[in-house]
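Asker: What follows is a structure written as structure tokens; I'll ask about it next.
The values are calculated or read from the model by the stated rules, or taken from the named source; none is laboratory data. Owing to the predicted nature of the structure, the values given are computational and were not obtained by experimental measurement. Using ideal geometry, Cβ is built from the backbone for each residue, glycine included, and neighbour counts are taken over all protein chains shown. Just so you know, the surface numbers come from the protein's heavy atoms only, side chains and all, with ligands and any DNA or RNA stripped out. Shrake-Rupley method; radii C 1.70, N 1.55, O 1.52, S 1.80 Å.
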Amino acid sequence: MKALVYFGPRDVRVTEMPDAKIEQSTDVLVKITTTNICGSDLHMYEGRTDMESGRIFGHENLGRVIEIGKAVTQIKVGDMVCLPFNIGCGHCQNCESGLTGFCLTMNPGVAGAAYGFAGMGPYSGGQAEYLRVPHGDFNCLKLPEDAIEKENDYVMLSDIFPTGYHATELAGVKPGDSVVIYGAGPVGLMAAHSASIKGASKIMVVDNHPDRLKLAEKLGAIAIDFSKGSAVEQVLELTKGMGADKGCECVGYQCCDKHGTEHSNITMNELVQAVKATGSIGVVGVFVPKDPKSKEALQKKGHMDFDFGQFWMKGQRIATGQANVKAYNRQLSTLISVGKASPSLIISHELSLDEAPDAYKHFDARDKGWTKVILKPEMVASKKSKIIK
């Protein structure tokens with residue numbers, strides 16, 4: 001099968017790999033019809049993780065079931081399914097508690113497993129023609145009858161839509177709240193979409209990329225361009241000096257200042273300033289236990305210079321961690337089906353798998369207009385690839 005394979009920093013290639021296959025009686029084999037490039041893939045692409053050469057990327061996956069193991073009873077051949085990026089066993093203490101992002105058995109020694117991701121187990125990714133899904137009955141979300149018609153919406157259920165929603169859950173967003181979201185990448189935009197669905201009264205999105213901020217406005221948010229002035233001051237002005245009720249961190253450890261220089265603590269410290277006293281902050285941006293290639297001494301060890309004194313004095317709360325996708329994907333699927341959620345609004349490029357290496361270059365460079373890339377393994381590059389306006 002064709003697959004997008006990692007060979008080293010900024011070196012990914014579409015290569016022939018052994019076909020994915022059923023390995024356990026509980027497995028499901030999926031023919032991938034849509035798979036996305038995620039912002040967190042870029043950490044590996046840039047060589048900022050311990051991703052091994054020869055691994056297949058891709059944790060945002062959707063496709064058609066073509067084979068099932070003998071023990072699979074709920075999922076059938078022909079079903080269109082979306083796969084949560086986190087792989088759960090379904091029976092450990094965390095999975096039974098709904099914390100599938102922290103499964104205790106699928107990646108021994110680490111709480112959590114995922115497709116095609118550094119440190120998250122040996123599982124191949126789905127930027128390929130086929131994908132093996134362990135514990136298929138548990139991990140496959142069977143999609144409604146409009147799965148093909150709304151495929152570009154449903155594929156967002158694999159990660160970024162539930163992750164954006166998770167940010168608002170961690171922050172405790174309720175109807176009427178004002179919310180500030182740091183990051184207008186795909187997850188930040190989905191956090192804005194989720195806050196709107198939840199009935200937030202004012203949604204402010206902080207970034208410095210005009211194309212991404214334009215999308216935030218399209219989703220009903222107020223765009224805050226930090227290259228034009230202090231984001232904190234703009235938030236305070238919009239909230240009459242009080243600060244936002246809730247805040248969401250959707251950038252992670254590679255956040256940058258207006259000059260493009262990385263400072264891993266910028267978004268966290270600004271959120272402490274921009275969120276009101278007794279407010280809550282949800283953090284879904286990726287922060288890693290170690291980052292040896294960082295230029296910051298603290299960040300090399302996964303630490304940061306955090307303004308804990310200000311945080312404590314304001315009586316704020318912070319909740320963190322990756323999304324437990326299965327806790328949200330079925331409900332969010334229903335919102336898509338009835339037309340109350342349209343996560344595909346952020347897609348900028350729909351490309352063939354063969355075009356993935358070039359797409360990674362553009363997405364990694366944050367080139368204008370490259371907001372979200374989806375890949376179609378069955379697509380012929382010269383005939384069907386397109387830029388979505």
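Asker: Does region 57-78 include one or more residues that are over 21 Å from the mean Cα position of the chain (by Cα), open to solvent by 60 Å² or more (accessible area, probe 1.4 Å) and closer than 30 Å to residue 292 by Cβ?
Answerer: Within region 57-78 (the criterion being over 21 Å from the mean Cα position of the chain (by Cα), open to solvent by 60 Å² or more (accessible area, probe 1.4 Å) and closer than 30 Å to residue 292 by Cβ), the answer is no, since none of the residues qualifies.
Asker: Considering (1) under 24 Å from residue 37 (Cα atoms); (2) in contact with a helix residue (DSSP H, G or I) (Cβ under 7 Å, 6 or more places away or on another chain); (3) without any contact (Cβ under 8 Å) to a residue 24 or more places away in the chain; (4) open to solvent by 10 Å² or more (accessible area, probe 1.4 Å), say which one residue 94 fails and leave the rest.
Answerer: Single failed check for residue 94: (1).
Asker: Next question. Residue by residue through region 298-324, note down the ones that are touching a helix residue (DSSP H, G or I) at 6+ places or on another chain (Cβ under 8 Å) and within 24 Å of residue 99 (Cβ to Cβ).
Answerer: Correct list: 316, 318, 319, 320, 321, 322, 323, 324.
Asker: OK, next. Regarding region 65-85, can at least one residue be identified that is modelled with pLDDT of 95 or more, touching a Phe, Trp or Tyr at 6+ places or on another chain (Cβ under 8 Å) and of a type in the set (Asp, Glu)?
Answerer: No: region 65-85 contains no residue that is modelled with pLDDT of 95 or more, touching a Phe, Trp or Tyr at 6+ places or on another chain (Cβ under 8 Å) and of a type in the set (Asp, Glu).
Asker: I'd like to check something: does region 103-120 contain any residue that is assigned to a strand (DSSP E or B), closer than 23 Å to residue 376 by Cα, open to solvent by 30 Å² or more (accessible area, probe 1.4 Å) and among the aliphatic types (A, V, I, L, M)?
Answerer: no
Asker: Moving to a separate point now. Is it true that some residue in region 121-142 is modelled with pLDDT under 95 and either surrounded by fewer than 24 Cβ atoms within 10 Å (Cβ to Cβ) or within 16 Å of residue 83 (Cβ to Cβ) (or both)?
Answerer: No, because not a single residue in region 121-142 is modelled with pLDDT under 95 and either surrounded by fewer than 24 Cβ atoms within 10 Å (Cβ to Cβ) or within 16 Å of residue 83 (Cβ to Cβ) (or both).
Asker: While we're here: Working carefully through the options 159, 211, find the one that is surrounded by fewer than 24 Cβ atoms within 10 Å (Cβ to Cβ), among the acidic types (Asp, Glu) and either closer than 21 Å to residue 371 by Cα or without any contact (Cβ under 8 Å) to a residue 24 or more places away in the chain (or both).
Answerer: Every option except 211 fails the conditions.
Asker: Under the condition of being in contact (Cβ under 8 Å) with a residue 40 or more places away in the chain and aliphatic (A, V, I, L, M), which residue from region 288-317 is farthest from residue 273 (Cα to Cα)?
Answerer: Among residues in region 288-317 that are in contact (Cβ under 8 Å) with a residue 40 or more places away in the chain and aliphatic (A, V, I, L, M), the one farthest from residue 273 (Cα to Cα) is 288.
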